[in-house]
1. Can you give me the orientation-averaged projected area of the convex hull built on the Cα atoms of region 201-264, in nm²?
2. Would you mind calculating the gained length between A137 and S103 on full extension (0.36 nm times residue separation, minus the Cα-Cα distance), in nm to one decimal?
3. Identify, among N219, Y257, V234, the residue whose Cα sits farthest towards the positive end of the charge dipole of region 201-264, taking +1 on the Cβ of Lys and Arg and -1 on the Cβ of Asp and Glu, with the dipole about the Cα centre.
4. What ranking do Y52, Y257, Y76 get, fewest neighbouring Cβ atoms within 10 angstrom at the top?
5. Would you mind calculating the relative contact order of region 201-264 from Cα pairs under 8 angstrom and at least 6 residues apart, reporting the percent as a whole number?
6. What residues have an amide H closer than 5 Å to that of A264, excluding those fewer than 5 places away on the same chain, when H is modeled at 1.01 Å from N in the peptide plane?
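Read-outs throughout are calculated quantities, based only on the coordinates presented, and are distinct from any laboratory measurement. Note that the structure is a prediction, hence the values are computed from the model and not measured. Reconstructed Cβ throughout: ideal geometry from the backbone, glycine too, with neighbour counts over all protein chains shown.
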Amino acid sequence: MTTPTDHTSNTTPVAVVRGDAMIELPADLYIPPNALEVFLETFQGPLDLLLYLIRKQNLDILDIPIADVTRQYMGYIELMQELKLELAAEYLLMAAMLAEIKSRLLLPPQPAEQAEDADPRAELVRRLQQYERYRRAAEGIDKLPRVGRELHLVSVNTGDIPYRKPQPNVPLYELLDAFKQVMERAALYRHHRVRMEALSVRERMTEILARVNGADFLNFESLFEPREGRLGVVVTFMAVLELIKEALIVVIQQEPYAPIHVKAAA
């Protein structure tokens, strides 16, 4: 009797979540279509991509297998389109040029072409060789030190310049005498500014008469507003004294230490 072989231990987990290996993806797992981003090696243009494909396979640039290179080039173009990468028009133009060269190589040569011994790949080879020379020159320039080519160091030799701090040649007593004269002139411009009172005793007397104008007595302390501060309390007290002096209000206290009440005079 044979037993089924357990393949669970030999299965590679697709992910590890909180220490637990997952053999299969969850059925309800949703992966957005743009969740994976692929960054390809950047190329400076179609000639750079074409030269990369040739050097990658160690091909002879003078004898390019157009069919293989065209197939690989179109594979890169399709991959870029699938990844939604913006393609410049020059990439598509190079693809059309490769397709034209491939088709001309497949067709039998015309008599005029046999006489001239024209190779459809000649123009492409010339452009690739020229681009490779410029690229190697640019890489060689990039490897040169930037100091002296793009960056220039500046140094200034100041030497030993003697520096001596000059001392004032005016005695201290003369400075004090000049300061005394300035203070005497400043005293001549002393002035006194008279400001109008923010609170008026007459206005406060009118307010108090309006409040005590009635038959009921009013608590003396209720006439004052502590929020007005010391100035407001003093003005109110002076207004009360003026009203008592003019016999406009009556102040009554039933017994010593009892509350004081105010009432309008009869």
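1. 4.4 nm²
2. 8.8 nm
3. Ranked along the dipole, the leading option is V234.
4. Y257, Y52, Y76
5. Result for region 201-264 is 44 percent.
6. Long-range HN contacts for A264: G214, V250.
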